[in-house]
Structure formats: structure tokens, C-alpha cells
4 protein chains.
Amino acid sequence: MAEPIRVMGISGTFSSDSANGRLLQIAFEHCESMGAEWVIWDNSSPLPFVGEEGCWEDTAVKSYKEMASASDAFILSSPEYHGTMSGVMKNSLDFLSYDQTSDKAFALMSTLGGQSNSNTLNHMRISVRWIHGWVVPEQVAVGNVRSAFNENGDLVDEKMNQRIRGMIRSLIDSAEYLRSKR
Amino acid sequence: MAEPIRVMGISGTFSSDSANGRLLQIAFEHCESMGAEWVIWDNSSPLPFVGEEGCWEDTAVKSYKEMASASDAFILSSPEYHGTMSGVMKNSLDFLSYDQTSDKAFALMSTLGGQSNSNTLNHMRISVRWIHGWVVPEQVAVGNVRSAFNENGDLVDEKMNQRIRGMIRSLIDSAEYLRSKR
Amino acid sequence: MAEPIRVMGISGTFSSDSANGRLLQIAFEHCESMGAEWVIWDNSSPLPFVGEEGCWEDTAVKSYKEMASASDAFILSSPEYHGTMSGVMKNSLDFLSYDQTSDKAFALMSTLGGQSNSNTLNHMRISVRWIHGWVVPEQVAVGNVRSAFNENGDLVDEKMNQRIRGMIRSLIDSAEYLRSKR
Amino acid sequence: MAEPIRVMGISGTFSSDSANGRLLQIAFEHCESMGAEWVIWDNSSPLPFVGEEGCWEDTAVKSYKEMASASDAFILSSPEYHGTMSGVMKNSLDFLSYDQTSDKAFALMSTLGGQSNSNTLNHMRISVRWIHGWVVPEQVAVGNVRSAFNENGDLVDEKMNQRIRGMIRSLIDSAEYLRSKR
């Protein structure tokens, strides 16, 4: 029997109880229901900036890259700041390379304080292509994020939850296809 | 007599002796020859990540924002990593807001290890608009950056140097126009 | 006394009674109230496709390019189709070049059938830079466009109307500045 | 035995002896060598503009959409004009919808008169996602296109030819995967 697909979530914010952390948890529940395993990089053990002295030998960087190497698929969830992904998310991507990401599947989510927009999703899509990842066409942007979750941390809009479910289905299926080709 | 235009350079790398640091120095020489003053944020006193505990009260962040408030114009110079600006550059932009940047002039430069491309310039252009900056149409991408400078740190390609000069002329002129409107 | 600024509107749809035609009319009313003149290219005399035999000698193309040459500023209004500007808008831009657009001011508007998004505005901003136009940071996207206008053809959302007014103010001011530099 | 994959090429120029026409022919030779069939939409029977009266009932539009419906994969090849795909290409995309393109594979090529750039590829990638296509990460931009082909119409740069070959391999494989899911 095939090993389960391992999905790595990367959060574009520092705090795991952020909206992006919650979105990743919701995505992970769908992963579990479909038989996939998941791990999260939530910056609780922070990466340095690329270019800081010794950054490539940093313990957190090594753990991060090993986690990425061991994963078949990725979910990126970033807040949109100033019309694109957060610096935290971009710095996390900067530590990845072809070695960890080629021919692996990616799904993208973003959160916005105001009305929904696709800038972050678009720029992450272009960036992931540069490290030879396959981004599924399904994607999720959650606008007005401060009122998007109820007291249980669930999305108020069940349709949005179903979109995430569909996106995760697509992510896992394509991760299986891509694993068979590697 | 009008006060000179103050130009703030922001580097998308950590080290000021990087290619981006050199590009900024070249741009500053043109600023000086046109009577403008300049300051640089070169990450020698590093910013934290947006979202780190206490980040908005950080001393470096305060100095950075004060430098931005006191400036009339900005030059952003970022390496292109994975098809867009560096995480260091984006995190620096994340600490700015309308308050420091509205109706101020911006010029954009990028460096690439391989062949030239405009992804970083495009994404910075979109991002700067979100904080209501005015980006001049002139822009500079330096490809194959490891062979772009001679032993004196000058650009091997004099045309590139002239492009930077034209861009700085445009930056200062539009900064003067925009200052007259603020 | 200075000649009035001449603003050219270009519609990304074929029919001038389209939502984009209406948006342009609203923008033109603001132009008039600020003393600017306007002309519109609304495709009532259609351009050919770039690359059709004889396209560069086409009568409509010549009128279009003369209209552009005689203008100080441009307003582009395009529907968003499939995540970017319409083919009609892009083909219209393809007939312009540096000769008609360098150092002239541009303002951007877009309409969407569903929720608002900035793809069309972003891609037009990048494209206009390529022909050396100056795009003002103010921009307008009208989502859910079928319910955006009342029976008089006015925008239901007065704030949106005020955004257009502010954008036109910015367009005319920067057109005057740029004209003084040409 | 499975039916062969049918690949549809769409050219962003009017003339099939254009550089984009030649690139598509090169891509088709690789398709054939891998057992795939191909068809081309080269604008020899031109589409109208979206929005022209009667455009959706136009005979060429109907043939075009039927060709798309019957295809498993697409290759888009567009010149880069003014920092993005041609109006001809965008208008061709505007006539497609989810019905013809959902969960089908796409590969992207572009040509540039001057130095290489990725704007057209990036904007096509975003646009194709909007019609739910899967774009393979491999892509090809041919700069300085006037000297890119020898007298036989082959690419002077054999590496570029190999990149196209790799891209087509990826396109066909993913088209097979996606067909198995539809």
C-alpha cells in the first residue's frame, strides 16, 4: 500500500493562532479526512533572514528544509500586505529551492483585512513556478478576515470551507500523480 | 531656496557590500550630482520580522520609519529570488505604510544571478502603489550580476549607468513635483 | 493661459453603452468640472487586430493614433475577463507606442461581473509602463457591475464616484506636471 | 489502448509563418514524436473581437470552441507586446471558458523582439488559471526572436529546443493524468 501523502503547511505570519494558522488547521482537517499526513511550519522556531551571517547553517533552517524535503505537497497561507505576500512568507520561500520542491504539488491561500483580492495568490503562484512546483488551479482568498471565523474557529462561510476541501482534494490527487513521476 | 530632496535607499539584501548595496551607491552618486541628499537603510541594524513580539516598538523599526517619514523619495533595490523580490525587501516594505509613503516618488532596481527579468520590478511596482507611492516608469534590472561590476565597483556597462542616471533625474523631478502638492 | 489638458478615454469593450462606457462618461464629467477636455475611443469605428494585413495603414488606426498623439492624459477602462484586461483593450494598447504615450499620465478603471479584483488594473499598470506612461496610484475597480449603476446611469455607491473624482484630480495634475517637462 | 492526447496550439499572431507559428510547429514535432495529435488555431480564419455584434454565433468562433472542446491540452504561444501577451492572444482566450478548458493541461511560450522576459508567460499563467487550466511549470521565452531561427526554421539554440521538448513531455503526461480524472 502506498505511503500517505505528506503535506507541509507554511504560514506567512508569526503566530500560529493567526487567521493563517487557523486556515491551515482547517486545511489539515481535510487532509486527514482524505488520508494524508500533515506537518506545519508556523514560525514558532523562527527562520533567520536570508543573508544573515550563518543563515544557511541555522538549526531552524535545517529543520525547515528537512521538513520540506520529506513532504510531497505544500500549502502556503499568507496574509496580503501592501498588495503581495508577507515578507515572512517570502523569506520562507527564499530558503527553499528546486531540491525540496521540484515536481511537488502546491495549494495557495491568503487572508486580507479588507475586501478580497488575488495579488498574493498570483505572486505566490509565479514564485512557486520558479522553484518548479505545480500549483493547483483551485485557490482561496479570505477577505474581511477579522469576521471570517466564528467562536469555534470555523469559517462562517461554509462555501469557503467547501472550496478549501475541493482544493485539498486536488492537491492530494496531484501530489500522488507527481510522486509517481519522481 | 528649496530644501534639497532627500532620497532614502532600501536594500533587499543584508550586506551593504552586496550588488544591491553597490547599485544604491551608484544611484546616490547621481543623486548628489543633482543636488539631492541621500540616506540608506542597508540592514546593518536589522529590522525584526513583522509579527515578532514587540516588533512595532523595536528601536530599529522606529529609526527606519523616521528615516522614511523624513524622506521625499525612495530607491528600492532588491535581488530577484524565485521570481519576485527578496523576503528581506518585502519585510522592509511591510513596516512602511501610507503615513510614510503617500505621494512620494519611488524608483526601482533589481539584480539577478542569471538572465535579466522584470518580475521583481513588477511586483515592487504593484506593492508600492498599495502604499500610494508614485513609481517612475524608468527602472533598472541588472542580470548576470556577478560580472556586472568592475574592480572599482562601477558598472561594466556604461549604458546601464546612464539608465540609472536618467531614472534618478526622473525620481528627483517627480519628488519635487509631489512635494509641492503635499 | 495654459491650454486645457486633453484626456483620451479608451474603452475595453465594443459598446459605448457598456459599463465601461458609463464609467468613462462619469470620469469625463469630473474632467469637465476641472477644466479638462476629453475625447473617447469607444470602438464605434473599430480597430483591426494588430497583424491583420494593412493594419498599420487602416483609417481607424490612423485616427486613433492621432487622437492619442493630441492627448495629454489617458483613462483606460476595461472589463476583467479571465483574470486580466480584455483582448479589445490589449489590442488597443498594442497600436500605441512610445511616440504617443511617453511621459503622459494614465488612470485605470476596471469592471468585474463578480467580486472586485485588481488583476486587470495590475496588468494595465505594468503594460502602460512599457510604453513609458505614468500611472497615477489612484485606481478604480467596480465589482458586481450589473448592479453598480442606478437607472440614471450613476454609480449607486457615491464613495466610488468620489474615488473616480480623486483619481481624475490626480490625473489632471500630473498631466500638467508632465506636459511642463515634455 | 488509450486514445492519443490531442493538443491544440493557439498563436498570438495573425500570420502562421510568424515566429510564434514556427515555435508551435517545433512543439508539434515533439508532440508527434511522443504519440500525441495536434491541431492549430493560427487565425487563418480570424475570430472577431469579443463584443462585436453576433460574435458568439460567428462560424469561426464555433469552430474554434469545438476544436478546444475536443482537445486535451493547449499550447499558447504569444509575442510579448508592451509587457504582456498580444491582444490577439487575449481575445482568443476571451472566447474560451471553463467548459472547454477545466482540468486540461496548458504549456506556455512567448517571443520577444529584444531581451527575454517573463511578463507574457506570467500573465498567461494567471489568466489560464482563471479558466481552471493546469499550467505546467516548464515554460519557454525566446528573446531576440529575429535571430532565433536558422534558414530551416529550426531554433539556433539547441538547448531551447530541448526545453520545448521537456515542456511537451510534461504537458502530455499531465494531460493524460488530467484526462483520467475528468
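The values are calculated or read from the model by the stated rules, or taken from the named source; none is laboratory data. Since the model is a prediction, treat every value here as computed from it, not as a measurement. Cβ sites come from the backbone with ideal geometry, for glycine too, and all protein chains shown count toward neighbours.
When you check A:ALA107 against the structure, is it crowded, with 24+ Cβ neighbours inside 10 Å, more than 14 Å from chain B (Cβ to nearest Cβ) and either farther than 29 Å from D:LYS181 by Cα or at pLDDT 95 or above (or both), yes or no?
So A:ALA107 passes the test.
Identify, from the list C:VAL156, C:VAL128, C:VAL145, the residue that is of a type outside the set (Asp, Glu), more than 14 Å from chain D (Cβ to nearest Cβ) and touching a strand residue (DSSP E or B) at 6+ places or on another chain (Cβ under 6 Å).
One residue alone meets the criteria, C:VAL145.
In segment A:111-123, what residues are more than 9 Å from chain B (Cβ to nearest Cβ) and either in a helix (DSSP H, G or I) or without any contact (Cβ under 8 Å) to a residue 40 or more places away in the chain (or both)?
Within segment A:111-123, A:LEU112, A:GLY113, A:GLY114, A:GLN115, A:SER116, A:ASN117, A:SER118, A:THR120, A:LEU121, A:ASN122 qualify.
Please go through segment A:44-74 and pick out each residue that is under 14 Å from the mean Cα position of the chain (by Cα) and either among the aromatic types (Phe, Trp, Tyr) or within 28 Å of A:GLU158 (Cα to Cα) (or both).
A:TYR64, A:ASP72, A:ALA73, A:PHE74
Please verify whether D:SER69 is of a type outside the set (Val, Ile, Thr) and within 30 Å of C:GLY133 (Cα to Cα), treating the condition exactly as stated.
Here the answer is no, as D:SER69 does not meet what is asked.
Just one of (1) over 16 Å from B:THR120 (Cα atoms); (2) at the interface with another protein chain (Cβ under 8 Å from one of its Cβ atoms); (3) over 13 Å from the mean Cα position of the chain (by Cα) trips up A:THR84, so point out which.
Condition (1) is where A:THR84 drops out.
Which condition does B:GLU52 not pass, out of (1) within 13 Å of chain A (Cβ to nearest Cβ); (2) out of contact with any Ser or Thr (no Cβ under 8 Å at 6 or more places or on another chain); (3) more than 19 Å from B:ILE164 (Cα to Cα); (4) part of a helix (DSSP H, G or I), if it passes all the others?
So B:GLU52 meets the others, but not (4).
How many of the residues making up segment B:14-49 are at pLDDT 95 or above and in a loop (DSSP other than H, G, I, E, B)?
Result for segment B:14-49: 6.
Please state which one of A:ASP173, A:ASP99 is under 26 Å from B:THR84 (Cβ atoms) and in a helix (DSSP H, G or I).
A:ASP99
In segment D:147-176, how many residues are touching a residue at least 40 places away in the same chain (Cβ under 8 Å) and not aliphatic (A, V, I, L, M)?
9
Just to verify a result, which residue in segment D:56-81, among those that are in a loop (DSSP other than H, G, I, E, B) and touching a residue at least 40 places away in the same chain (Cβ under 8 Å), is nearest to the other protein chains (Cβ to nearest Cβ)?
D:ASP72
Just to be sure I understand, how many residues within segment D:131-160 are surrounded by 16 or more Cβ atoms within 10 Å (Cβ to Cβ) and part of a helix (DSSP H, G or I)?
Result for segment D:131-160: 2.
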